[in-house]
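*Asks:* This is the structure I want to talk about, given as structure tokens.
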Amino acid sequence: MTLLATLALLAALAPSAAGTPIQAGKPAHRDRFGIKLLDAPVSRRKDPRARVGIVDHLKPGTVITRRIQVNNVSPKTHAIDVYPAAATIQHHALVPAPDRTPNELTSWVSTEHNRVQVPPWGQANVRVMIRVPRLASRGERYAIVWAQESAPPTAHRNLGMVNRVGIPIYLDIGPGGEPPSDMSIQSLTPERARNGRPQVIAQVRNTGERALTISGKLWLSDGPGGLRAGPYPATLGVTLAPGDVAPVTVVLDPRLPNGPWKARMVLQSGLVVKTATAKITFPVTGIGVSVALASAPRYGVPIGIALVLAVAGGLFLVWRRRHRWVTTIRAR
Amino acid sequence: MYPATAAATVMAVLATLTGPPADAEADALATFPLKLLDLSITAPSTASLGGGIAGGRLTLKLTTVTVNDSRLLPGSWTASVSSTDFTTTAPVRTIANGQMSYWSGPATATSGLGTFTPGQGTAADAVTLTASRTAFTHTGGLVVNSASWQPTLVLTIPHTAALGSYSGTITHSVQ
């Protein structure tokens, strides 16, 4: 290394003259603690959702172990509780139940420690074991593994506080392989938000058998003057239970002309990817013209024809019976 | 066919019929280590609600809550808030958690990209804590981000509340 490079390296490594920590300029430090997931299944290496939470499909009778880590970002030892509690998917999001509410899944989950004393600036690894009973019914369940610190109320300070951070569990049970995950983009609707920003809302249906966490992007092309724009990211945080339908929003740049545009939306959850294309025009205000994308059921037309024939045939038979009856009366 | 060969054939067939060998089962459960950073929250601290009279109101600004998301995935987190009922020691009297309302206020500090949405921007948006409520959310780019907010609690004491020393607990949950 040259003298200059060595000097530069030493300058970079030396503490600043004032001796302040590297993140000088951030607000005054306050004790904090965190949680992170340490393992994911090899079979889900490419699935981004398996890095967010404990995601798996297991046969009844299986036992799995995952490690989580609790971190202490403070100069004091902190006592952190680790435990599972129930969660459900409501309003298109994973919603934790209050306190330590149990559910079927939490009864299968145990943690290596209930409470860890995490040293200053240190970590504690905790194993989380999930034992699926032999007679577990099929289907997907949700829970959250929490790392929690409590400051209980005292005689003089009557408001206690509990803070907790969690790792979600999305566990599907069933014999054989993973049930299919799938979604369908039913429509794209251009809108103008109240703040004037153009938006595209995709109506998405979870047509598979596992919960989906939706992310995605939108591209615009063939616009006025041949303009192209994007990609713009979809707003994150939409979680769909099987059968759920929810809007996924993409917010775009306010300088875009109204259109018409060719919009291409690509939505993704884990390894499931769906694309939809539509010609849209942003309205001046409010909600624009929606473009339906879900294809008509394949059996719709033949059923329609069959119905028409059945009705026609029925009417013909009724007419024939009447005609014969009248003839019979006349013959008397 | 020689008996030995026959026996071997039967064994081979049985082996395939009894299911995959133990190795395949273990492979299906194998894991690999993740190198992620964490989702963290400030440590909790107690506060004093102070004294009040029946039919009165107590307002308290809590210490700032900061959430740090260094996970890079999924890019979004939600902080929710809930409250226990407020109770005295024996003989137990209760002020229901519905008498407590919460407003997050705007973000007092943020870092990183994405959309930071306070649960209740102003006092007018305050929500009662009969059920768990959203305190703050972040959605957006796959970046390290953090948000701080200083929530306000307002306890409306019922006219029928008995004298006593009430205490309760507020929980912030982030995932």
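*Asks:* Could you please find all residues in region B:76-135 being touching an Asp or Glu at 6+ places or on another chain (Cβ under 6 Å) and either more than 15 Å from B:L155 (Cα to Cα) or charged (D, E, K, R) (or both)?
*Replies:* B:W77
*Asks:* Return a yes/no flag: does region A:215-222 have any residue that is within 22 Å of A:L171 (Cα to Cα), in contact with a Ser or Thr (Cβ under 8 Å, 6 or more places away or on another chain) and surrounded by 18 or more Cβ atoms within 10 Å (Cβ to Cβ).
*Replies:* Our first condition is that a residue be within 22 Å of A:L171 (Cα to Cα); within region A:215-222, this holds for A:215.
Checking the rest, the ones that are also in contact with a Ser or Thr (Cβ under 8 Å, 6 or more places away or on another chain) come to A:215.
Those left that are additionally surrounded by 18 or more Cβ atoms within 10 Å (Cβ to Cβ): A:215.
Yes, because at least one residue in region A:215-222 is within 22 Å of A:L171 (Cα to Cα), in contact with a Ser or Thr (Cβ under 8 Å, 6 or more places away or on another chain) and surrounded by 18 or more Cβ atoms within 10 Å (Cβ to Cβ).
*Asks:* Then there's this: Can you go through A:D39, A:D47 and tell me which one is within 8 Å of chain B (Cβ to nearest Cβ) and of a type in the set (D, E, K, R)?
*Replies:* Numbers: A:D47 fails: within 8 Å of chain B (Cβ to nearest Cβ).
Going through A:D39, A:D47 in turn, the sole match is A:D39.
*Asks:* Let me ask something additional. Being in contact with a Gly (Cβ under 9 Å, 6 or more places away or on another chain), of a type in the set (A, V, I, L, M, F, W, C) and within 7 Å of chain A (Cβ to nearest Cβ) is the requirement here; does B:L49 meet it?
*Replies:* Numbers: in contact with a Gly (Cβ under 9 Å, 6 or more places away or on another chain): yes; of a type in the set (A, V, I, L, M, F, W, C): yes; within 7 Å of chain A (Cβ to nearest Cβ): yes.
When the stated conditions are applied, B:L49 passes them.
*Asks:* For A:P190, which of the numbered conditions (1) within 19 Å of the chain's Cα centre (by Cα); (2) under 14 Å from A:A276 (Cβ atoms) fails to hold?
*Replies:* It is condition (1) that A:P190 fails.
*Asks:* Could I ask something else about it? Identify all residues within region A:155-212 that are among the aliphatic types (A, V, I, L, M), within 14 Å of chain B (Cβ to nearest Cβ) and either under 18 Å from A:R138 (Cα atoms) or in contact (Cβ under 8 Å) with a residue 40 or more places away in the chain (or both); write none if there are none.
*Replies:* Within region A:155-212, the subset among the aliphatic types (A, V, I, L, M) is A:155, A:159, A:161-162, A:165, A:167, A:169, A:171, A:173, A:183, A:185, A:188, A:193, A:200-202, A:204, A:211-212.
Now drop any that are not within 14 Å of chain B (Cβ to nearest Cβ), which leaves A:155, A:159, A:161-162, A:165, A:167, A:169, A:171, A:193, A:211-212.
Passing the criteria: A:V165, A:I167, A:I169, A:L171, A:A193, A:A211, A:L212.
*Asks:* A further question on this structure: Do you know which residues across region A:217-269 are within 14 Å of chain B (Cβ to nearest Cβ) and β-branched (V, I, T)?
*Replies:* The answer is A:T235, A:V238, A:T239, A:V248, A:T249, A:V250, A:V251.
*Asks:* Still on this structure, I have one more. Please list, ordered by residue number, the strands (runs of 3 or more DSSP E) wholly in region B:118-169 having 3 or more residues that are within 27 Å of A:V251 (Cβ to Cβ). Break it down stepwise before answering.
*Replies:* Details: elements: B:133-139, B:145-149, B:152-156.
Correct list: B:133-139, B:145-149.
*Asks:* Still on this model: Among the listed residues A:V70, A:V55, identify the single one that is surrounded by 10 or more Cβ atoms within 10 Å (Cβ to Cβ), at pLDDT 95 or above and more than 7 Å from every other protein chain (Cβ to nearest Cβ).
*Replies:* Numbers: A:V55 fails: at pLDDT 95 or above.
Just one listed residue meets the conditions, A:V70.
*Asks:* From the set of residues in region A:77-99 that are modelled with pLDDT under 95 and over 19 Å from the mean Cα position of the chain (by Cα), which is nearest to the other protein chains (Cβ to nearest Cβ)?
*Replies:* A:P98
*Asks:* I've got another one for you. Can you find a residue in region A:144-152 that is on the phi > 0 side of the Ramachandran plot and either touching a residue at least 60 places away in the same chain (Cβ under 8 Å) or in contact with a helix residue (DSSP H, G or I) (Cβ under 9 Å, 6 or more places away or on another chain) (or both)? Quick ask: steps written out before the conclusion?
*Replies:* Pass one, region A:144-152, residues on the phi > 0 side of the Ramachandran plot: none.
Checked region A:144-152: no residue is on the phi > 0 side of the Ramachandran plot and either touching a residue at least 60 places away in the same chain (Cβ under 8 Å) or in contact with a helix residue (DSSP H, G or I) (Cβ under 9 Å, 6 or more places away or on another chain) (or both).
*Asks:* With the structure loaded, tell me whether A:A211 is modelled with pLDDT under 95, touching a strand residue (DSSP E or B) at 6+ places or on another chain (Cβ under 7 Å) and surrounded by 18 or more Cβ atoms within 10 Å (Cβ to Cβ) or whether it fails that test.
*Replies:* Values: modelled with pLDDT under 95: yes; touching a strand residue (DSSP E or B) at 6+ places or on another chain (Cβ under 7 Å): yes; surrounded by 18 or more Cβ atoms within 10 Å (Cβ to Cβ): yes.
Yes.
*Asks:* Could I ask something else about it? Is it true that some residue in region B:132-139 is of a type in the set (G, A, S), facing another protein chain (nearest Cβ under 10 Å) and on the phi < 0 side of the Ramachandran plot? Give the derivation first.
*Replies:* Step one: of region B:132-139, the residues of a type in the set (G, A, S) are B:132, B:135.
Narrowing the set further to residues that are facing another protein chain (nearest Cβ under 10 Å) leaves B:132.
Narrowing the set further to residues that are on the phi < 0 side of the Ramachandran plot leaves B:132.
Checking region B:132-139: at least one residue is of a type in the set (G, A, S), facing another protein chain (nearest Cβ under 10 Å) and on the phi < 0 side of the Ramachandran plot.
The values are calculated or read from the model by the stated rules, or taken from the named source; none is laboratory data. Quick caveat, the model's predicted, so the values are computed rather than measured. For neighbour counting, all protein chains shown are included, and Cβ atoms are generated from backbone atoms with ideal geometry for every residue, glycine included.
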